[in-house]
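The values are calculated or read from the model by the stated rules, or taken from the named source; none is laboratory data. For clarity, every value in this text was computed on a predicted model and none was experimentally measured. All Cβ positions, even for glycine, are placed from backbone atoms using ideal geometry, and neighbour counts span all protein chains on display.
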Amino acid sequence: MSDNIILEIKGLQLGSVAGAVIIDKVDLRLNQGEVLGLIGESGAGKSTIGLAAMCYARAGVHIAGGEILGYESVIAYLVLPLRN
């Protein structure tokens, strides 16, 4: 991961406890100073991907595969300005 990348998601897969695939193989990269928007229809998984990027999943959903890199950097980036 490069120094200017604050979040990188590779091959993210989310599944339900029933075994259904909810999100399949999402890749994205967020560099320092950039803004990233997810666009899609209602129920397409935008919020679910955002929650997974913070290593969180709704009840009945689990992160089934892939990598989420830069998590500590993202938390520091979001929390430190709030403390100041």
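Report whether or not Ser2 is over 14 Å from the mean Cα position of the chain (by Cα), small (Gly, Ala, Ser), at pLDDT 95 or above and on the phi < 0 side of the Ramachandran plot.
no
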Looking at the stretch 30-62, which of the residues that are buried (at least 16 other Cβ atoms within 10 Å of the Cβ) and among the β-branched types (Val, Ile, Thr) is nearest to Leu14 (Cα to Cα)?
-> Val61
Mind listing whichever residues of the stretch 1-38 are outside any strand (DSSP E or B) and either farther than 19 Å from Gly60 by Cα or of a type in the set (Lys, Arg) (or both)?
-> Met1, Ser2, Asp3, Asn4, Gln32, Gly33, Glu34, Val35, Leu36, Gly37, Leu38
Can you tell me which residues in the stretch 1-15 are exposed (fewer than 14 other Cβ atoms within 10 Å of the Cβ) and of a type in the set (Gly, Ala, Ser)?
-> Ser2, Gly11
Residue hits (the stretch 39-63; assigned to a helix (DSSP H, G or I), in contact (Cβ under 8 Å) with a residue 12 or more places away in the chain and of a type in the set (Gly, Ala, Ser)) are Gly50, Ala52, Ala53
Hey, any hits in the stretch 31-50 for a residue that's closer than 21 Å to Gly70 by Cα, charged (D, E, K, R) and over 11 Å from the mean Cα position of the chain (by Cα)?
-> yes
